[in-house]
Structures are given as C-alpha cells and as structure tokens.
Amino acid sequence: WFKETQARKVAKNGSFPCWFHGLIPRRQAEDLLADKPLGCFLIRVGQSREGYTLTYRGADRLRHYMIEMQSNGKYVILGEDRVHASLLDLVQYHTQVGIQPFMELLTEPCGQ
C-alpha cells in the first residue's frame with residue numbers, strides 16, 4: 001500500500017526525509033532511539049495496519065503514536081483533533097506544540 005499510495009506524498013524531490021525510516025519493526029525503532037535526547041523522533045510505516053507510527057523519546061520512556069491516514073488524504077495522530085496536510089506538516093507542528101497527553105515536543109529527527 002505504501003508504494004502505491006504514499007511514496008510520492010512522503011518523498012520530496014525523489015528522496016525521503018531523514019526522519020522517515022520506512023518499514024522497520026518497533027524494536028528497531030526503539031534501538032535507534034535508545035541513547036538519543038528527549039524529543040528525538042522517527043516515523044515508520046505501521047506493521048499491524050495501514051498507516052504510520054511516530055516513535056519518539058519521551059521524558060521517561062519511548063512513546064509510539066499511531067498516525068491515521070484519513071480518506072481525504074490528511075494525517076492525524078490518533079487521540080488528537082488537529083489534522084495535517086502531510087507528514088512533514090505534522091512533524092513541523094509538533095516541534096512547536098506538544099503531543100497529547102504528555103505535551104512533549106519533537107526536537108530533532110533520528111537520521112537513518
């Protein structure tokens with residue numbers, strides 16, 4: 001589903017943002033973020049359902065949030081009301097506004 005419907009939306013000028021890690025398991029995402037600072041994040045393709053997962057280093061542990069792709073092509077973190085036109089918009093928004101319910105900010109991307 002990703003190649004057919006999403007790859008062009010996520011890639012800019014033929015390359016993916018450094019925070020986009022594609023189809024990696026939860027455990028690998030946790031390993032990548034294990035020694036990173038508060039707010040360091042990545043987005044990966046969801047394994048158990050269509051959509052994405054935002055994984056980031058929270059104050060006391062790693063957090064995983066499902067990102068839903070809506071039928072209108074927009075993105076929303078499950079549990080939040082704010083809808084975003086793209087994953088990049090979602091990331092940029094949450095560098096300024098904390099993610100509910102912990103209100104933690106995304107601070108820096110976890111490169112590949």
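Things to note:
- Close pairs from segment 72-89: first crowded, with 16+ Cβ neighbours inside 10 Å and at pLDDT 90 or above, partner of a type in the set (F, W, Y) and not in a loop (DSSP other than H, G, I, E, B), Cβ under 8 Å, at least 6 apart: Y75/Y52; I77/Y65; H84/Y75; H84/Y93; L87/F20; L87/Y52; L87/Y75
- Of all residues in segment 57-78 being aliphatic (A, V, I, L, M) and part of a loop (DSSP other than H, G, I, E, B), the one that is nearest to K36 (Cα to Cα): A59
- Within segment 19-56, considering residues that are among the polar types (S, T, N, Q) and outside any loop (DSSP other than H, G, I, E, B), the one surrounded by the most Cβ atoms within 10 Å (Cβ to Cβ): T55
- If you go through segment 65-84 and keep only what is within 20 Å of G98 (Cβ to Cβ) and either of a type in the set (A, V, I, L, M) or in contact with a Cys (Cβ under 7 Å, 6 or more places away or on another chain) (or both), you end up with M66, I67, V76, I77, L78, V83.
- Of all residues making up segment 41-72, the number that are among the hydrophobic types (A, V, I, L, M, F, W, C), within 16 Å of L106 (Cα to Cα) and more than 11 Å from the chain's Cα centre (by Cα): 2
- Scan segment 79-112 for residues that are among the charged types (D, E, K, R) and in a loop (DSSP other than H, G, I, E, B) and the total you get is 3.
The values are calculated or read from the model by the stated rules, or taken from the named source; none is laboratory data. All of these numbers come straight from a predicted model, not from anything done at the bench. For neighbour counting, all protein chains shown are included, and Cβ atoms are generated from backbone atoms with ideal geometry for every residue, glycine included.
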